[in-house]
Amino acid sequence: MASIRENQAEIVEDFSFLPQWDERYSYLIELGQKMEPLPEAFKVEDNIVRGCQSTVWLHRECRDGRVILEADSDSLIVKGLAALLMKVFSGQPAEDVLKAELTFFEETGLDKHLSSQRANGLMAMIEQIKTFAVKCAEEK
Amino acid sequence: MTIDSDKIRSDFPILKTEVNGKPLVYLDNGATTQKPQSVIDTIVDYYTHYNSNIHRGAHHLSNLATEAHEEARKTVQSYINAASNREVIFTRGTTEAINLVAFSYGEAFVNPGDDVIVTEMDHHSNFVPWQMICERRGANFRTIPFDKNGNLRLDVFEKLLSEKTRIVAFNHVSNSLGTINPAKRIIKMAHDAGAAVLVDAAQSVQHVEHDVQDLDADFYAFSGHKIYGPTGIGVLYGKESWLDAIPPYQGGGEMIDQVSIEKTTYNKLPFKFEAGTPNIVGPIGLAAAIDYLNTMPFEEIRAYEDDLLEYGREQLLEIEGLTIYGNADQRTSILAFNIEGIHHYDLGTLLDTQGVAVRTGHHCTQPIMTALGISGTVRASLALYNNKEDIDALVSGIQKVRKMLGE
């Protein structure tokens with residue numbers, strides 16, 4: 001399985017083939033649409049990520065010390081962003097998730113392009129993932 | 001019609017900007033308006049030639065700055081037709097002006113068991129400060145609902161009014177629905193019940209009637225940055241009798257008369273409510289914005305904006321699956337909508353890639369969204385410099401987003 005670093009590099013490379021922002025957003029939307037649908041049973045209050053103005057559900061599981069993530073959102077763009085986070089983190093060892101430095105936002109220019117509200121939502125998702133990784137690492 | 005749209009656009013340098021390689025189509029004027037060159041020049045001129053602290057300096061520059069600052073107060077006084085320049089208080093913005101009244105009026109006049117009435121279409125800035133004062137003073141917080149078109153339910157308001165009502169606060173124009181509330185009627189009803197009235201004019205002072213004496217408003221608040229002036233400056237108008245009757249909001253320099261360990265006495269109006277070194281250039285920039293507006297007859301500005309709004313509504317309603325929120329009998333400047341199957345954030349973000357600036361979300365009016373049963377809207381809000389091409393760009397932008405989303 002590819003590492004967190006490799007996953008991020010792959011995202012940056014994918015984005016580099018798309019110079020226009022409308023193409024990048026189309027790509028994000030496609031990523032979101034391709035994501036496995038989140039089972040309705042996981043769309044519960046506990047899984048809602050605060051800080052997003054669109055609704056985001058983030059389901060977290062710890063399996064053998066690895067962080068397993070699933071997500072959904074009523075906004076296709078936010079769903080696409082969640083898909084990027086899933087790609088980077090889901091299935092990775094909890095310790096790696098904890099140590100990981102996220103560089104792809106900056107390297108793709110997404111950080112400058114996202115409205116602060118959406119960026120806040122994203123930061124909230126990352127925070128939730130990291131907090132969960134602490135628990136998951138302890139469980140192991 | 002003598003409104004020369006091209007000429008007006010050329011007065012606002014930022015409108016020549018490109019965003020994402022596309023010409024900027026600025027439709028977020030409800031959030032803040034752009035500034036004409038004359039306002040920008042006035043601010044630069046202040047800092048270049050006569051920046052100085054005011055009211056106390058014993059020197060030439062201080063005199064110049066004081067004079068410009070106080071002259072600006074008179075410009076504002078004249079624009080809103082206040083009876084005296086003592087009735088014009090400078091604040092940071094509408095929010096601070098409302099908080100000032102909620103606090104100072106609340107301290108003096110709101111007691112346990114009293115009622116404070118606001119509307120369900122008010123901005124959080126004209127909602128939360130009243131909730132806070134009600135909590136502090138043990139008063140009841142009452143709200144006037146609105147009907148499905150966005151008209152206030154005056155029949156309910158009438159029933160809410162009683163001898164317990166201390167103050168009624170409402171927005172003259174709703175920032176989320178564009179409803180023009182029948183201000184004179186609401187004020188008359190409140191006065192007949194013996195209550196004072198605060199008008200939140202943040203979205204109205206630049207678009208509709210703004211004569212505080214004709215409205216008979218007791219308090220009236222607006223922001224400079226929504227009327228083509230700088231940010232960080234707002235105005236609280238209050239009838240002199242009310243401003244004399246309520247205590248100061250903040251203590252400090254400027255607002256005092258004599259200070260001793262035993263007792264402090266307060267400065268006269270308007271300085272009683274202006275503690276600390278004020279935003280000196282803010283009013284000067286705001287006055288430049290008002291001077292700019294005054295170069296055009298206001299009825300013509302209004303007719304031009306009304307015409308544009310109706311054009312926008314017609315064009316948007318041609319789009320399949322589009323719902324407009326806010327169909328009140330009287331309305332101005334706001335086009336709030338959603339398109340079936342598209343999240344407002346996605347639409348707003350993708351419009352931005354085409355250079356079209358709108359706002360999305362709940363627009364600081366969560367009770368409205370709750371009443372409508374939605375999480376937010378896309379809001380295009382108009383100003384004097386917008387034109388039909390801007391509306392056309394919005395419409396073609398929406399069509400393009402639909403294609404991107406494979407609708």
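So the values come out like this:
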| quantity | calculated |
| --- | --- |
| From the options A:Ala100, A:Ala133, residue that is touching a strand residue (DSSP E or B) at 6+ places or on another chain (Cβ under 6 Å), at pLDDT 90 or above and of a type in the set (Gly, Ala, Ser) | A:Ala133 |
| Condition check for A:Ala82: more than 12 Å from chain B (Cβ to nearest Cβ), buried (at least 21 other Cβ atoms within 10 Å of the Cβ) and either outside any strand (DSSP E or B) or free of Cβ contacts under 8 Å to residues at least 60 places away in the same chain (or both) | yes |
| Pairs where the first residue, in the stretch A:19-41, is touching a residue at least 24 places away in the same chain (Cβ under 8 Å) and the second is among the small types (Gly, Ala, Ser), C-beta under 6 Å, 6+ apart | A:Leu28/A:Gly80; A:Ile29/A:Gly80; A:Leu31/A:Gly80; A:Leu31/A:Ala83; A:Gly32/A:Gly80; A:Gly32/A:Ala83; A:Met35/A:Ala83 |
| Residue within the stretch B:237-255 that is crowded, with 18+ Cβ neighbours inside 10 Å, in contact with a strand residue (DSSP E or B) (Cβ under 8 Å, 6 or more places away or on another chain) and hydroxyl-bearing (Ser, Thr, Tyr) present | yes |
| From the options B:Leu61, B:Leu27, residue that is crowded, with 18+ Cβ neighbours inside 10 Å, among the hydrophobic types (A, V, I, L, M, F, W, C) and more than 14 Å from chain A (Cβ to nearest Cβ) | B:Leu27 |
| Scan of the stretch A:13-26 for residues that are in contact with a Leu (Cβ under 7 Å, 6 or more places away or on another chain) and either away from chain B (no Cβ under 11 Å) or loosely packed, with under 15 Cβ neighbours inside 10 Å (or both), ordered by number | none |
| Positions within the stretch B:250-272 being touching a residue at least 12 places away in the same chain (Cβ under 8 Å) and over 16 Å from B:Glu240 (Cβ atoms), in sequence order | B:Gln250, B:Gly251, B:Gly252, B:Gly253, B:Glu254, B:Met255, B:Thr264 |
| Flag for A:Ser75 being in contact (Cβ under 8 Å) with a residue 24 or more places away in the chain and among the hydroxyl-bearing types (Ser, Thr, Tyr) | no |
| Residues located in the stretch A:125-134, provided they are out of contact with any helix residue (DSSP H, G or I) (no Cβ under 8 Å at 6 or more places or on another chain) and surrounded by fewer than 16 Cβ atoms within 10 Å (Cβ to Cβ) | A:Glu127, A:Thr131 |
| Residues of the stretch B:194-222 satisfying the condition of being touching a strand residue (DSSP E or B) at 6+ places or on another chain (Cβ under 7 Å) and among the polar types (S, T, N, Q) | B:Gln203, B:Ser204 |
| Matching entry among B:Gly57, B:Gly93, B:Gly21 (being touching a strand residue (DSSP E or B) at 6+ places or on another chain (Cβ under 7 Å) and either more than 24 Å from B:Leu236 (Cβ to Cβ) or not acidic (Asp, Glu) (or both)) | B:Gly93 |
| Complete set of residues in the stretch B:129-179 that are closer than 21 Å to B:Ala102 by Cα and of a type in the set (Phe, Trp, Tyr) | B:Trp130, B:Phe141, B:Phe157, B:Phe170 |
| A:Leu98 being in a helix (DSSP H, G or I), touching a helix residue (DSSP H, G or I) at 6+ places or on another chain (Cβ under 6 Å) and within 14 Å of chain B (Cβ to nearest Cβ) | no |
| Qualifying residues in the stretch B:385-394 (those that are buried (at least 17 other Cβ atoms within 10 Å of the Cβ) and in a helix (DSSP H, G or I)) - the one farthest from the chain's Cα centre (by Cα) | B:Ala393 |
| Qualifying residue in the stretch B:336-344 (condition: on the phi > 0 side of the Ramachandran plot and in contact with a strand residue (DSSP E or B) (Cβ under 7 Å, 6 or more places away or on another chain)) | no |
| B:His343, sole failed condition from (1) under 19 Å from the mean Cα position of the chain (by Cα); (2) within 26 Å of A:Gly80 (Cα to Cα); (3) buried (at least 23 other Cβ atoms within 10 Å of the Cβ) | (1) |
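Rundown of residues vs (1) surrounded by 24 or more Cβ atoms within 10 Å (Cβ to Cβ); (2) out of contact with any Phe, Trp or Tyr (no Cβ under 8 Å at 6 or more places or on another chain); (3) over 30 Å from B:Gly232 (Cβ atoms), yes/no style:
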residue: B:Ser84; (1), (2), (3): no, yes, no
residue: B:Thr95; (1), (2), (3): no, yes, no
residue: B:Phe103; (1), (2), (3): no, no, no
residue: B:Gln131; (1), (2), (3): no, no, no
residue: B:Arg137; (1), (2), (3): no, yes, no
residue: B:Ile167; (1), (2), (3): yes, no, no
residue: B:Arg185; (1), (2), (3): no, yes, yes
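The values are calculated or read from the model by the stated rules, or taken from the named source; none is laboratory data. From a predicted model like this one, the values you see are computed outputs, not experimental measurements. Ideal geometry is used to build each Cβ from the backbone, glycine not excepted, and the neighbour counts take in all protein chains shown.
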